[in-house]
Amino acid sequence: MGSSNFFDFWKKLCPFIVTAKPMTDLCWTCQLNNTLIFRSANLDEENKCERVKQQENHLFIVQQERSLYNKMVGNAKRACQENVITELCQNSPCSRNIMMHYSFDYAQQVHLPSNPLQPGPIYFLVPRKYGLFGVCCEGIPRQVNFLVDEAHLISKGSNAVISYLHYFLNNYGTGETDAHFHCDNCSGQKKNRFVLWYFAWRVAVGLHKSVSLNFLIAGHTKFAPDWCFGLLKRAFKRNLVPAQSVLETVVNESSSVNIAQVVGYEDGTTVVPVSDWQAFFKNSCKPLPGIKKYQHFRFDDAHPGSVFVKEHSESAETEFNILMSDSSFPRGAPDVLAPPGLPLQRQQYLYKSIRKYVDEPFKDTVCPNPDVMPNVEQDETVIITETRKDSDGHERVKRGRGKGSQRGQTGGGRRGCGRGHSRGRGQGENNGV
Ligand SMILES: [Zn+2]
């Protein structure tokens, strides 16, 4: 029986057996509350009421946050229409007296070379990794996708996030006076003191009049970048992608919303510099106590050095000073960090195990011959293990799971794709790509 017949019969005969939906939207609070409600069948009315109310409150807050996001996106769309902004291009800071909204997020990294008809053996290997970071301007809409080659992946999350945002605002920003940002609730990379200091600094030095940074509730984080990444990944899975230059074209052609921005080339050339923003602010700014419990942060030029925080969109605002006493924001610019490059062992691994899967013209770009080759003969599996040992524990987990999700992508047709993608997204958030 062919697969289409099989699915027809399945639908006809067993309509009650369905494929699980992608799991990105699972919220821990929702799950806990729903389990409690489910288990309260034998409890008294008062207890039941209490539990239902708990979940109702949670969903009410979720809905409030969602409508705030929708409202900001709606306003941004109107601003773009009124000012005839149809493409992202370079604009001077505060050159337009408008409000704009941006969303940013990491996606699951991709591996190159990538072949829709994946040859069997590469399934067990770790090809060259490319991180994806997207900043979406929903008003137009357009999303700039930063492609981060493995040799340019800097593990310190917030330096990279701030540098990419800074580059985006300098080169693609609409020149708005007031900017709103949304992102998912990933405290490691996005909700941290450095990102707050960066936005406070932007406002204090006149790059914006006001900025707000808003976090979606964990488990309820579907927003524009997911949509753009989805279009990008769909194109990625349909094309033969041997190297970053091809990935760039695939991203640009995936949809009119997507724009590719290379962070650096395989040979080490940098396009988007990553700077040491952490060190830049370290001696003049201080951390915000209890940062994790707040979802909304606001900065305005009438109160330089202050951050106004809220737990939810409708709760009361509190002001904090994030400048150290007798201190002011640093002048000049942060130091640029050199791209880390690939460890020799990783270069050797790519050369020995991956190069054979790369199309001829790209072999020397993606898997060049490292100057020194090891003199030991090992099988491929051993080399993978060594590569894992080579990096820190965090990296190791990432690489292991990266392989797993790749399996999801290629393993089982459409269904496999969806799940692989969704699981991978969560993973990208957790480990900082
Ligand atoms: Zn929930």
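The values are calculated or read from the model by the stated rules, or taken from the named source; none is laboratory data. Values in this document were obtained by computation on a predicted structure and should not be read as measured data. A quick note on method: Cβ atoms are made from the backbone with ideal geometry, for glycine too, and the neighbour counts reach across all protein chains shown.
Quick notes
- Among the residues of region 155-164, the one identified as over 12 Å from the mean Cα position of the chain (by Cα), crowded, with 21+ Cβ neighbours inside 10 Å and not polar (S, T, N, Q) is 162.
- Selection over region 310-333 of residues that are under 18 Å from residue 286 (Cβ atoms) and part of a loop (DSSP other than H, G, I, E, B) gives a count of 8.
- Taken over region 295-310, the residue count meeting the criterion of being closer than 23 Å to residue 60 by Cα and either of a type in the set (D, E, K, R) or touching a residue at least 60 places away in the same chain (Cβ under 8 Å) (or both) is 5.
- Sole residue being of a type in the set (Val, Ile, Thr) and at pLDDT below 85, chosen from 17, 37: 37
- Pairs where the first residue, in region 311-326, is over 15 Å from residue 293 (Cα atoms) and the second is exposed (fewer than 12 other Cβ atoms within 10 Å of the Cβ), C-beta under 8 Å, 6+ apart: 324/283
- Condition broken by residue 35, with the remaining ones in (1) β-branched (Val, Ile, Thr); (2) away from the ligand (no atom under 16 Å from the Cβ); (3) surrounded by 11 or more Cβ atoms within 10 Å (Cβ to Cβ) satisfied: (2)
- With respect to (1) assigned to a loop (DSSP other than H, G, I, E, B); (2) among the charged types (D, E, K, R); (3) out of contact with any Phe, Trp or Tyr (no Cβ under 8 Å at 6 or more places or on another chain), the lone exception for residue 191 is condition (3).
- Of the criteria (1) away from the ligand (no atom under 16 Å from the Cβ); (2) surrounded by fewer than 19 Cβ atoms within 10 Å (Cβ to Cβ), which one residue 64 fails: (1)
- Test: residue in region 206-219 that is buried (at least 23 other Cβ atoms within 10 Å of the Cβ) and of a type in the set (Phe, Trp, Tyr): no
- Selected residue (only one of 14, 89, 94 is of a type outside the set (Gly, Ala, Ser), more than 16 Å from the ligand (Cβ to nearest atom), touching a His at 6+ places or on another chain (Cβ under 8 Å) and farther than 29 Å from residue 217 by Cα): 94
- Residues located in region 154-167, provided they are among the hydrophobic types (A, V, I, L, M, F, W, C) and closer than 21 Å to residue 301 by Cβ: 162, 165
- Residues located in region 96-151, provided they are outside any strand (DSSP E or B), farther than 18 Å from residue 346 by Cα and among the β-branched types (Val, Ile, Thr): 140
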